[in-house]
Amino acid sequence: MKIAVGYDLTYEFPRPTPMMLMLHVHPSRVSDLLVPDHLMTDPFVPLSFYRDDFGNWCTRLVAPAGQLRIFANGVVRDTGLPDPRAPNSIQHEVQDLPDDTLIYLLGSRYCETDELSDIAWRLFGHIPPGWGRAQAVIDFVHNHIKFDYQQARSTRTAFQAYNEGVGVCRDFAHLGVALCRCLNIPARYCTGYISDIGEVGPFSAMDFAGWFEAFLGNQWHMFDPRNHKPRIGRILIGRGRDATDVAISNSFGSSRLTGFKVITDEIVE
């Protein structure tokens, strides 16, 4: 299967403003890129690139005063299979976890493990460790939060999402991440493209999506409490502790997003 991916973003700036962007397909999927998703700007500005501490591919630029369009189009080869599942995966004791997973047990900006620890053990402590416990977290989050774009808030944390019972995909993911960490399951936040391939409409406008990965059975596994089912055509952009680490853009000065379009479409041959 071939999937067209891309975006078209327009910002307005009152003065020249440095930016950091995380919009490239993740390095783990580079071998699947049939057409590279090269980032372009209008007007042209010089770009520089780097890999952050989480392995994500990032871009730096200085936006000129006025309007800046940032866009890209790529084609990704995909298996066409739904997200894999591994229900027999075990949960590791903390002392047996690889060193590089330990950071994903700790609290972070949007995932307050200290606030949610007692809640997590009260809700899930009776469930045997392993995939079943992680799945119970996903089931709970999916049923506990009502999806509502109109009530999206960029500052909402996992604990606030738990108390308010409303949010968007990042809130579902943050609560899932935080509850898993409370239960000693390493969990990391993910962002990327999710297609509507194989789904039944009507469909809303395409957007970037948030989900998370949990470390079980000596590998990372994908969990999506918002959609609550395996999906076809999930394409990773970035991973981190929470949404702070994988923001699609950071502007170091005043800016206004005036145009936003995301593309994830199957190419029918």
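The values are calculated or read from the model by the stated rules, or taken from the named source; none is laboratory data. Not measured: the values here are computed from a predicted model. For neighbour counting, all protein chains shown are included, and Cβ atoms are generated from backbone atoms with ideal geometry for every residue, glycine included. Side chains included, ligands, DNA and RNA excluded: accessible areas come from the protein's heavy atoms. Shrake-Rupley method; radii C 1.70, N 1.55, O 1.52, S 1.80 Å.
Annotations for the structure displayed:
- Global geometry of region 137-269, whether rounded, prolate or oblate, following the gyration tensor of its Cα atoms and the 1.5 cut on a/c: rounded
- Length-normalised contact order for region 61-150 - Cα pairs under 8 Å, 6+ apart - percent: 33
- Dipole magnitude of the chain about its Cα centre (Cβ charges: Lys, Arg +1; Asp, Glu -1), debye to nearest 20: 340
- The Thr244 and Leu47 beta-carbon pair, evaluated with R₀ = 25 Å, returns a calculated FRET efficiency of approximately 0.65.
- Coupling constants for region 13-18 follow from the phi torsions by the Karplus curve (6.51 cos²θ - 1.76 cosθ + 1.60, θ = phi - 60°), and in residue order they are 10, x, 7, x, 9, x Hz; glycine and proline get x.
- Cα gyration tensor shape of region 222-269, rounded if a/c is under 1.5, else prolate or oblate by comparing a/b with b/c: oblate
- The phi-based Karplus calculation (6.51 cos²θ - 1.76 cosθ + 1.60; θ = phi - 60°) puts the 3J(HN,Hα) values of region 211-218 at 8, 8, 10, 10, 8, 9, x, 6 Hz, whole numbers, x for Gly and Pro.
- The Cα atoms of region 91-182 give a gyration tensor whose axes a ≥ b ≥ c have a/c of 1.5 or more with a/b greater than b/c, which makes the shape prolate.
- Database remark: amide H of Ile237 closer than 5 angstrom to the amide H of His26, Thr191, Gly192, Tyr193 (H placed geometrically; neighbours at sequence offset of 5 or more, or on other chains; Pro and chain starts carry no H).
- Taking the charge dipole of the chain about its Cα centre, with +1 at Lys and Arg Cβ atoms and -1 at Asp and Glu Cβ atoms, the residue from Leu106, Pro186, Ala72 reaching farthest to the positive side is Ala72.
- Once Rg and the Kirkwood radius are both taken over the C-alpha atoms of region 40-139, their ratio Rg/Rh works out to 1.12.
- Radius ratio Rg over Rh of region 19-59, counting only Cα atoms, Kirkwood formula for Rh: 0.98
- Exposure of Cys111 as accessible area (Å², to 10), given a probe of 1.4 Å and all protein chains: 0
- Convex hull projection area averaged over all views, region 195-237, Cα basis, nm²: 3.6
- Put simply, the chain fits an ellipsoid with semi-axes of 31, 21, 18 Å; these come from the alpha carbon gyration tensor as the roots of five times its eigenvalues, largest first.
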